[in-house]
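This report refers to the structure that appears directly beneath it.
The values are calculated or read from the model by the stated rules, or taken from the named source; none is laboratory data. As the structure is a prediction and not an experimental result, all values here were calculated from the model. A quick note on method: Cβ atoms are made from the backbone with ideal geometry, for glycine too, and the neighbour counts reach across all protein chains shown. Ligands, DNA and RNA are stripped out before the accessible areas are found, and what is left, the full protein with its side chains, is counted by its heavy atoms. Shrake-Rupley method; radii C 1.70, N 1.55, O 1.52, S 1.80 Å.
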Amino acid sequence: MKVLIALLVSLVVLLPDPSHAEHEPMDDAEHHSSSETNAASKRHGPTSLRKRKRPVKTTRVIVEFANDAGMDHAVRLSTKVYHQSLNRRYLAVEIESSLVQELADNENITNIQSDGFFYEQGYLEKEVSLEEHHDRKLFQTTPYGITMVQADQVDVGQSPVRVCIADTGTLAQHPDLPISLMKGENRVSSFDTELKWRRDRRGHGTHVAGTVSATDNGYGVRGVGQIPLYITRALNDAGQARESDLIEAIEECRNSGARVISLSIGGGGMSSALSDLLTSLYQEGFLIFGASGNNGENAKMYPAAHSLVVAVGAVQPDYTIWPSSNYGNWIELTGPGKSIYSTTTNSLGQSLYAYYSGTSMATPHVAAVAALVWSHFPQCTNTQIRYALAKSAVDLGGSGCDQYFGYGVVQAKSAIDWLTKNPCNGATYGKGTVNGGCSLLQSLST
């Protein structure tokens with residue numbers, strides 16, 4: 001196959017391009033007079049246009065390499081390097097399309113995959129200014145999602161668990177966010193822009209952060225609990241990212257002190273580099289939650305569909321499935337996702353509130369409940385907490401786990417009660433090979 005590709009490439013190089021045949025520059029001895037040149041310009045366009053080269057076609061790829069020689073080879077062939085991880089042994093580069101096969105043929109290159117796009121999985125319905133909020137006499141409102149997941153019945157335990165949010169950043173100075181519980185890290189994206197964690201011109205990340213941790217202070221809204229946050233920028237101000245951006249942002253969660261990762265972001269596939277990173281993080285004890293997508297179809301969204309990530313679907317205030325929530329047996333839990341009221345901001349950096357809908361909104365509800373429950377049982381493993389959340393969820397739809405609701409809507413108080421009766425120390429549950437979605441409890445039961 002490689003020989004065939006090489007032959008085809010050589011034929012393309014050797015064959016003359018008929019569209020350029022009559023535009024080839026002539027040597028000095030054959031230059032036309034100025035009148036002849038002007039006539040030619042009228043027929044064929046200006047001389048400068050006739051000499052202009054066709055743009056070189058390039059592509060963005062994630063390159064995995066076995067050693068330094070492989071890395072050097074990839075750098076040498078690429079036109080630009082965007083991201084580099086020596087410990088994970090991958091590069092994100094732009095390369096001429098004609099050189100991809102040459103790169104793949106090198107014995108020190110282990111894999112090449114597209115560096116595709118990922119997008120936020122929530123959308124704005126309505127903004128509410130601080131003044132409008134208080135004109136309604138809503139000095140503090142408790143969004144329905146907080147009571148639906150029983151967060152209003154539970155306080156943070158003696159061992160707070162930090163949640164790492166990879167999103168569009170957060171307006172840290174929002175009066176309803178707990179700045180004392182927040183930290184983060186800036187990052188340079190593959191779009192060559194500095195992404196500051198304390199800055200959010202999209203509003204999506206600030207909304208997610210408020211759902212997790214908006215302050216219960218008699219003002220504005222409240223979140224699931226006073227949960228510490230670590231903010232890293234995966235998405236740019238347009239709400240999108242290359243996969244390598246997402247990988248780099250998730251890697252920042254590793255050393256953040258967090259134990260829970262909330263990913264309100266998704267794409268139609270993922271590279272082995274991202275898959276391997278998620279596997280590594282789970283094995284290190286992280287619990288990861290991902291938005292299942294908003295297409296209303298039986299189509300996997302990544303990273304949520306990774307077996308070690310908890311795929312989260314969205315329900316409406318009446319506990320029915322949100323019609324746009326993706327479904328399938330890979331869905332594990334659901335959370336409130338329709339018309340969620342939380343903190344946000346806009347392109348001007350103003351502090352606002354807003355209603356958003358999407359599996360992006362369901363995901364932080366479930367991730368925050370995991371952190372809330374875990375803060376009461378620090379001795380439990382990530383898999384044991386995951387098991388308890390599924391075991392104690394409100395069963396909706398068909399009996400048991402189903403393709404729309406998974407095991408059901410997550411419940412903070414019920415999960416704490418279940419773990420109190422079934423302590424993690426010495427437990428036999430939560431062990432074995434983890435299979436996500438509707439296979440979880442069966443794969444981990446005694």
| said: Quick check on my filter: what residues within the stretch 344-371 are touching a Leu at 6+ places or on another chain (Cβ under 8 Å), open to solvent by 10 Å² or more (accessible area, probe 1.4 Å) and not in a strand (DSSP E or B)? | reply: ASN346, GLY349, SER351
| query | Restricting attention to the stretch 76-105, which residues are over 22 Å from ASP276 (Cα atoms) and outside any strand (DSSP E or B)? | reply | ARG76, LEU77, SER97, SER98, LEU99, VAL100, GLN101, GLU102, ASP105
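Look at SER325 and say whether it is open to solvent by less than 10 Å² (accessible area, probe 1.4 Å), more than 18 Å from LEU441 (Cα to Cα), part of a loop (DSSP other than H, G, I, E, B) and modelled with pLDDT of 95 or more. Show your work before the answer.
Details: open to solvent by less than 10 Å² (accessible area, probe 1.4 Å): yes; more than 18 Å from LEU441 (Cα to Cα): yes; part of a loop (DSSP other than H, G, I, E, B): yes; modelled with pLDDT of 95 or more: yes.
Yes: the conditions hold for SER325.
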| request: For the stretch 388-438, enumerate the residues that are open to solvent by 50 Å² or more (accessible area, probe 1.4 Å), over 14 Å from TYR319 (Cα atoms) and either in a loop (DSSP other than H, G, I, E, B) or modelled with pLDDT under 95 (or both). | output: SER399, GLN403, ASN422, PRO423, ASN425, GLY426, THR428, LYS431, GLY432, THR433, ASN435
| task | Output the residue which, of all residues in the stretch 209-260 that are closer than 30 Å to GLN84 by Cβ and of a type in the set (Asp, Glu), is most open to solvent (accessible area, probe 1.4 Å). | result | ASP237
| task | Determine which single condition SER98 fails, assuming it passes every other condition in (1) surrounded by 15 or more Cβ atoms within 10 Å (Cβ to Cβ); (2) over 30 Å from GLU252 (Cβ atoms); (3) among the small types (Gly, Ala, Ser). | result | (1)
| remark: Being more than 25 Å from TYR123 (Cβ to Cβ), in contact (Cβ under 8 Å) with a residue 40 or more places away in the chain and either touching a Pro at 6+ places or on another chain (Cβ under 9 Å) or in a loop (DSSP other than H, G, I, E, B) (or both) narrows GLY290, GLY285 down to just GLY285
| task | Filter the stretch 128-169 down to the residues that are in contact with a Ser or Thr (Cβ under 7 Å, 6 or more places away or on another chain) and among the acidic types (Asp, Glu), then identify the one that is surrounded by the most Cβ atoms within 10 Å (Cβ to Cβ). | result | ASP167
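Every residue, every condition in (1) basic (Lys, Arg); (2) closer than 11 Å to ALA370 by Cα; (3) free of Cβ contacts under 8 Å to residues at least 12 places away in the same chain; (4) out of contact with any helix residue (DSSP H, G or I) (no Cβ under 6 Å at 6 or more places or on another chain), yes or no:
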| residue | (1), (2), (3), (4) |
| --- | --- |
| ASP395 | no, no, no, yes |
| VAL410 | no, yes, no, no |
| THR420 | no, no, yes, yes |
| ASN425 | no, no, no, yes |
| LYS431 | yes, no, no, yes |
| What are the residue pairs meeting all of these: first residue in the stretch 132-146, first residue part of a loop (DSSP other than H, G, I, E, B), second residue loosely packed, with under 15 Cβ neighbours inside 10 Å and at pLDDT 75 or above, Cβ atoms under 7 Å, and 6 or more apart or on different chains? | PHE139/GLY218
| said: I'd like the residue in the stretch 328-341 that is over 20 Å from the mean Cα position of the chain (by Cα) and of a type in the set (S, T, N, Q) and, out of all such residues, is most open to solvent (accessible area, probe 1.4 Å). | reply: ASN329
